[in-house]
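Trainee: Sharing a structure with you now.
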Amino acid sequence: MKYMKNDGLYYSLESYSNTKAYPFHMPGHKRNTGLLGKAMPFNIDITEINGFDDLHNADGILKKVSEKAQALYNSDRSFILVNGSTCGILAAITSVVHRGSTVIAARNCHKSVYNACALSELDVRFVYPPVTKSGVCGSISPESIRCALEECSDPKAVIITSPTYEGVISDVETIARICHERNAVLIVDNAHGAHLPFCTFGKKGDPISSGADIVVSSLHKTLPALTQTSVAHVMGDRADPERFAKYLSVFETSSPSYVLMASIDACLDFTKSCKKQFAYYENELSEFSKKMSKLEKLKILCAGNDTIEKNGFYSFDRGKIVIETDGTTLSGVELSEILRDEYSLELEMAYPNYALAMTSVCDTADGMKRLADALLEIDKKVTRSKGKQAFPSLPKPMRIRMTNAEIDMLPDLELTREQAASGRYISHKYIYAYPPGVPIAAPGEIIGMFEYEYIEMLKKSGVNIVVK
Ligand SMILES: Cc1ncc(COP(=O)(O)O)c(C=O)c1O
């Protein structure tokens, strides 16, 4: 691949595989491509052998990859991750709290945030984003963070997601300032934002340069890198990078894949050197947006005739194409099915009133044209809705502070309308739509009628609800 540097990890692995060294070590496939074929990259899948460093104690070739990430993102200390942003978020939160500490979290956080809070039995105070008419969560307001902090005596951390799954960005700079006034660490789940510092539309709200203390970004979601690859950045001196590293080795596999790490290295090289590709990407998005101004019934969030200001967002990732269907009789799920069945276009997720197409710097002009043409054609055929109701705001289930042991002892009762109506149904599991994996209810929360109807409404629209 032409963007890879020939002193990078990939080529070192390739040339090592061409030596006569015989592997009496893991993995079990022994790089025997004669036996197994070359379709799987067995020839570069090794373990921590001489010359290839140790991710959890890096001082050689893997340290260089982390330093490359550090230089590219201009961070104080970067860590490459092979268990996705999930392990980075678990380590980030655990590294800045003690058992039972108080933290503030945006309610629309990913389940990994909830899991980290549950593991340390944290006292979590939630802040709620506004919700648009079509059901997209907006930016977290700095004021809501300030109010939540004022209500706590010793808040250790604030955790928000920016950008969200749908591309909504919050004012991280102001939020960071407010957190630091109260000595709270700001952790930003930036799983969907690894590409943003390299896009002109992504500078506003960039958490690394805006004062966040720990930032976790999935490379695999928006940049050319293999699934599970991520990077975490520890900034300034409020969060201790050594404590973060300590917890990373708790939550991350002790057998990190060299194939994944080589993919991270190549992704960093690509991102550094392929500026033209990013310019091309932005141009494609602008062309797409122009075409979408012809839509009459469907609407693209913050594109075409819609704007960031109209939605009240702080900023928005233009790479997320959120197709809103609330002006039509179609649901987002139905739209995504039409795109799949009639146009062979597979979207990322669908909700009752919108569907999400994720783009990246690797999309082709042909792919973008196919999506634009399909949407313009569907728009002509769909019926205008006679005024759908605005999507409800996020449920705010009442929370009972319980230990993990107490939660484990809750009865495993099925959630029924009668149970919800009783006002006494305490959830012993997470209930979330997947994707995106944002809990509607978490263990220890009371599911009342509002929560019950919300879940039923999602189910009826064809959204996949997970109870776990
Ligand atoms: C907002 C958000 N945070 C964190 C994650 C976890 O990221 P990863 O899949 O890289 O572990 C996801 C996954 O979809 C996500 O949407």
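Each reported figure results from applying straightforward, stated rules to the coordinates on display, with no laboratory input. Keep in mind that what you see is a predicted model, and the values were worked out from it rather than measured. Here the Cβ is made from the backbone with ideal geometry for all residues, glycine too, and neighbour counts use every protein chain on show.
Trainee: So between Ala365 and Asp341, what do we pick up on full extension, going 0.36 nm a residue minus the alpha carbon distance?
Mentor: 6.5 nm
Trainee: Translational diffusion coefficient of the range 180-302 at 25 °C, 0.890 mPa s, Stokes-Einstein with Kirkwood Rh over Cα pairs, in µm²/s as a whole number.
Mentor: Diffusion coefficient, whole number: 146 µm²/s.
Trainee: When averaged across all projection directions, what area in nm² does the alpha-carbon convex hull of the chain cover?
Mentor: The orientation-averaged projected area of the Cα hull of the chain comes to 23.7 nm².
Trainee: If you don't mind, another one. If you split all Cα-Cα distances of the range 346-468 into 10 Å bins from zero, what percentages do you get per bin, shortest first?
Mentor: 11, 33, 26, 17, 11, 2
Trainee: Do any chymotrypsin sites (Phe, Trp or Tyr not before Pro) in the range 372-468 lie in a DSSP loop with no more than 15 other beta carbon atoms within 10 Å, and if so, which?
Mentor: none
Trainee: The range 25-44 to the range 92-120: how many Å between their Cα centroids?
Mentor: Each part reduced to its Cα centre gives a spacing of 40 Å.
Trainee: Moving to a separate point now. Short version: what are the Cα gyration tensor semi-axes of the range 398-467, square root of 5 times each eigenvalue, largest first, in whole Å?
Mentor: 20, 14, 9
Trainee: Only loop residues by DSSP count here, and only those with at most 16 other Cβ atoms within 10 Å; note down the GluC sites (Glu not before Pro) in the range 261-307 that meet that.
Mentor: Passing sites in the range 261-307 are Glu296.
Trainee: What net charge is computed for the residues neighbouring Ser461, neighbours being all others with C-beta under 15 Å from the C-beta of Ser461, Lys and Arg scored +1, Asp and Glu -1?
Mentor: -3
Trainee: If packing is taken as the average number of other Cβ atoms within 10 Å across a peptide's residues, how do 323-330, 36-43, 405-412, 153-160 rank, most packed first?
Mentor: Answer by packing, highest mean first, reads 323-330, 153-160, 36-43, 405-412.
Trainee: While we're on this one: Through the Karplus equation 6.51 cos²θ - 1.76 cosθ + 1.60, θ set to phi - 60°, convert the phi angles of the range 360-371 into ³J(HN,Hα) values in whole Hz; use x for Gly and Pro.
Mentor: For the range 360-371, the Karplus-derived couplings read 8, 4, 9, 5, 9, 4, 5, x, 5, 5, 4, 5 Hz, x marking Gly and Pro.
Trainee: Here is a further query. Long-range amide H contacts for Leu81: which residues qualify at under 5 Å (H placed 1.01 Å from N, peptide plane, sequence gap of 5 or more or a different chain)?
Mentor: Ser230, Val231, Ala232
Trainee: Based on the Kirkwood radius over alpha-carbon pairs, what value in µm²/s does the Stokes-Einstein equation return for the translational diffusion coefficient of the range 1-155 at 4 °C and 1.567 mPa s? It would help to have the intermediate numbers written out before the result.
Mentor: Working: Rh = 19.7 Å.
Once the numbers are plugged in, D ends up at 66 µm²/s.
Trainee: Suppose the chain between Thr329 and Cys147 were pulled fully straight at 0.36 nm per residue; how much longer would it get relative to their current alpha carbon spacing? Write out the running numbers ahead of the final one.
Mentor: Numbers: separation 182, 0.36 × 182 = 65.52 nm, distance 3.95 nm.
The Thr329-Cys147 span can extend by a further 61.6 nm.
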